[in-house]
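Computed from the coordinates by the stated procedures, all read-outs in this text should not be read as laboratory data. Since we're looking at a predicted model, the values are computed, not measured. Counting neighbours? That spans all protein chains shown, and the Cβs are built from the backbone with ideal geometry, glycine included.
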Amino acid sequence: MIDTERRRSRNRPLAQRRSTEDELRRLGRTHAVLSRCNRSLARALDERALLNAFCANLVEVGGYGFAWIGYAGASRRAPLRLVAHAGQGDEAFAATVLACANAGNRRSACRVACEAGTPVCLRDLSTPSALAPWGDAALGQGYRSMIALPLRADGAAFGNFSIFADSPDAFDAPEVALLAELADDLAFGIQTVRTRAAQAQQVRCLRNDAERDARGRLAATLHDGVGQTVQALNLGLKQARALAERGETVPVALLDRLVDEAGEVLRGLRAVSCELRPLFLERLSLLDAIRHQCSETAQRTGISIQVCAVDRLLTLDEQVKEQCFLAFREALSNAVRHAAAGRIDVVLRVRTDDRLILTISDDGVGFDTHHTSAHPAGLGLCMIQERAAGVRGRACVRSTPRKGTVVRICVPLTEEPILCP
Ligand SMILES: Nc1ncnc2c1ncn2[C@@H]1O[C@H](COP(=O)(O)OP(=O)(O)O)[C@@H](O)[C@H]1O
Ligand SMILES: [Mg+2]
């Protein structure tokens, strides 16, 4: 008796220690899942990959038996749709849970979590519950507890994230709180990926429109401008030949007109080819091409444009030169067209860490950059970013209404890409 007592008192601290160790191990695992899921959020490129990554993280890192995500339909009675799952049991088990959740007269934990917008936790699946119509199937797979977490956006649940564990009471209060946070992060990630996809689609549409416009402009210049002048030139030449054939003198006025028309054709063709690719870029350095463009723009618009180059002269890779020039030309054209600027400053410099920095600043009206990035009005600002990214750089636009705009293009001159400008 005394011996048994002694054994018990010796064992008690050990049992307590074990439970504390278990507790710590469990929380450690949940934290590992959170950090892995954060990484998945940061890297998510598309919605499907994000959902699969979250389910896989819970099973592979968190050690839970099964995880699945279902989206609710538009109406309350619409069935849940399975969109991702991971863990043992896979398809067949997921199908059973889904069928039970969608059976019209039953209220399973997943549906209740979705409708109420709060987590529903079933601590021991061996105790029958109306919330677990798939209870037998879960026990058959070896699962003893589960939690259903709502995925919420704008105050309403749009889906459910359910997790099954092998042991009863696997989800205590701190764990429920952490998993609820995880579900909120996932819901936020899903919204972000969707917004990004919608913006990318909008940019694609804008680009298609802009390309169609540019093609239309070029076709109009060639057909109406250059084409018509060539036609007039052709007629004039025929007229001159007829005169010559009859042995008459071709009047100087006619020849002057033909020379003028030929000159006009040449200018039209130059304008078209310059729009396609500025030819002077081939023979000029980036700095000289920028100076050339600025002096032409200053003459045409009357705006004071200052160009300043700091540091050493550069021999740039052709692609870097072209992309930097085209990005600069768009920023300059924006400053001229939208800013009502009195002065524009262009600064070109190379930093000691081998980064080319090109800034175009104006003292004009400025604009709300958050608004334009959410609702792009044109393609120019996106193209500046894309051109910089195309040569492993970055571009950023800072603007304050009534305080002018600064476009900063930063491009690496080494192999290292730039992650933040
Ligand atoms: N330097 C600037 N000053 C004032 N507003 C600007 C400037 N640059 C851009 N914006 C604003 O951002 C919008 C988007 O510019 P952009 O993407 O180049 O398209 P677009 O020039 O075809 O309108 C412009 O319509 C204008 O409202
Ligand atoms: Mg523009």
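Peptides 284-295, 265-276, 49-60 ranked from most to least packed give 49-60, 284-295, 265-276, packing being the mean of other C-beta atoms within 10 angstrom over each peptide's residues. Once a ≥ b ≥ c are taken as the square roots of the eigenvalues of the Cα gyration tensor of the stretch 74-214, is the result rounded (a/c under 1.5), prolate (a/b larger than b/c) or oblate (a/b not larger than b/c)? Prolate, because a/c is 1.5 or more and a/b exceeds b/c.
Dipole of the chain computed with +1 at Lys/Arg Cβ and -1 at Asp/Glu Cβ about the Cα centre; of ASN234, ALA262, HIS338, farthest Cα towards the positive end is HIS338. Across the stretch 2-196, the mean sequence separation of Cα contacts (distance under 8 Å, 6 or more residues apart), normalised by length, yields a relative contact order of 19 percent. Between ALA232 and ASP209, the FRET efficiency from the beta-carbon distance, with R0 = 30 Å, is close to 0.35. Ordering SER126, THR400, TYR64 by the projection of their Cα atoms onto the charge dipole of the chain, which places +1 on the Cβ of Lys and Arg and -1 on the Cβ of Asp and Glu, puts SER126 at the extreme positive end. Shown for the chain are the DSSP H helices of 20 Å or more along their axis, judged by Cα atoms, with a mean Kyte-Doolittle hydropathy of at least -1.0: 173-220, 228-245, 252-276, 286-301, 318-338.
For Cα pairs less than 8 Å apart in space and 6+ apart in sequence, what is the mean separation divided by the residue count of the stretch 232-373, i.e. the relative contact order in percent? Contact order relative to length: 17 percent. Between the alpha-carbon centres of the stretch 21-40 and the stretch 210-280 there is a gap of 73 Å. With helices as the sole contributors, the chain gives -18500 deg cm²/dmol at 222 nm; each DSSP H run of n ≥ 4 counts as -39500 (n - 2.57), and the sum is divided by every residue. For the stretch 235-344, a crude dipole built from +1 on the beta carbon of Lys and Arg and -1 on the beta carbon of Asp and Glu, taken about the Cα centre, is about 200 debye to the nearest 20. Positive-end ranking of THR414, THR249, HIS375 along the dipole of the chain, with charges on Cβ about the Cα centre, is headed by HIS375. For the stretch 282-412, the dipole from Cβ point charges (+1 on Lys and Arg, -1 on Asp and Glu) about the Cα centre works out to 260 debye, to the nearest 20. Computed over the chain, relative contact order equals 9 percent, with contacts defined as Cα pairs under 8 Å that lie 6+ residues apart. For the chain, the square roots a ≥ b ≥ c of the C-alpha gyration tensor eigenvalues yield an a/c of 1.5 or more together with a/b exceeding b/c, which makes the shape prolate. Computed about its Cα centre, the charge dipole of the stretch 2-196 is approximately 180 debye, with only Lys, Arg, Asp and Glu carrying charge at their Cβ.
Under the classification rounded if a/c is under 1.5, otherwise prolate if a/b is larger than b/c and oblate if not, where does the stretch 284-401 fall, given a ≥ b ≥ c as square roots of the Cα gyration tensor eigenvalues? The shape class here is oblate. Protection proxy ranking, highest mean first, for peptides 137-150, 317-330: 137-150, 317-330, where packing is the per-residue count of other beta-carbon atoms within 10 Å, averaged.
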